[in-house]
C-alpha cells in the first residue's frame with residue numbers, strides 16, 4: 001500500500017501521483033493512513049495538488065473534505081502563485097472578469113515552511129501561511145490574509161491590492177509596521193503574553209488588534 005501514493009514536494013505545496021491501476025478507495029485509504037501516521041509532508045496549511053481530471057468531482061470533494069479535516073487545502077490546479085500584481089496597461093479583460101480573477105487568486109494560499117529572516121521578502125497575490133517567525137527586517141506582502149505560526153517582528157502588508165477584509169494573525173504580533181489595504185499601524189505598546197495569539201483587522205476604517213484562539 002505504501003507505493004499507491006507518491007508525494008512530491010513543491011515550493012508552494014505538495015503534488016500527489018498515484019500507482020497505475022490504483023482504485024480511488026485504495027488511494028483514499030492510503031492517504032488517510034499517511035495523514036493519521038503524522039507523515040512529515042502533511043503540515044497544516046499546506047496545499048495538496050491532485051492531477052485535474054484524474055478523479056470524478058464527487059471523489060475530489062471527498063478528498064477535499066478529508067484534507068480539510070486535517071487543516072490542509074486541496075486543489076486540482078497545479079499553478080504557481082504569480083508574485084507580480086496584474087498589469088493595468090496590457091490586460092484587456094473586462095473589469096468584472098479581472099475583479100473575479102483577483103478575488104479567486106487572493107483566496108488561494110502560499111505556504112512557507114520556514115522562518116523569514118531579516119532582508120528576505122515574500123510576495124504573493126494570494127494569502128500566505130508562514131510556519132515560522134517573521135524576523136526584524138523581513139517583509140511579507142500578500143494580496144490576501146497573512147497567518148504566521150510564530151512571532152512577527154517584521155513588516156507585513158495584507159490585502160496589498162486593496163482588500164479591506166484581509167487580516168494578519170500571529171502567535172505573537174509585534175510588527176515593525178503593519179498594513180492592511182491602504183491603512184498603516186504599529187503593534188500596541190503593551191506587551192502580550194507569549195501564549196496569546198492576536199489578529200489585526202480593519203474595523204471602522206482603522207486597524208484594530210484583538211486576541212484570537214488558535
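Inside segment 139-159, can you point out the residues that are surrounded by fewer than 23 Cβ atoms within 10 Å (Cβ to Cβ) and either modelled with pLDDT under 90 or in a loop (DSSP other than H, G, I, E, B) (or both)?
Listed by number, the list holds a single entry, 153.
Just wondering, is there one or more residues in segment 193-212 that are in contact with a helix residue (DSSP H, G or I) (Cβ under 7 Å, 6 or more places away or on another chain) and either modelled with pLDDT of 85 or more or outside the structural domain of residue 131 (by TED's automatic domain parsing) (or both)?
Residues of segment 193-212 that are in contact with a helix residue (DSSP H, G or I) (Cβ under 7 Å, 6 or more places away or on another chain), as a first pass: none.
The answer is no; no qualifying residue exists.
Rundown of residues vs (1) within 16 Å of the chain's Cα centre (by Cα); (2) modelled with pLDDT of 85 or more, yes/no style:
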site: 33; (1), (2): no, yes
site: 38; (1), (2): no, no
site: 42; (1), (2): yes, no
site: 47; (1), (2): yes, no
site: 62; (1), (2): no, yes
site: 79; (1), (2): yes, no
site: 85; (1), (2): no, no
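The values are calculated or read from the model by the stated rules, or taken from the named source; none is laboratory data. The structure presented is a predicted model; accordingly, all values stated were derived computationally and were not measured. Here the Cβ is made from the backbone with ideal geometry for all residues, glycine too, and neighbour counts use every protein chain on show.
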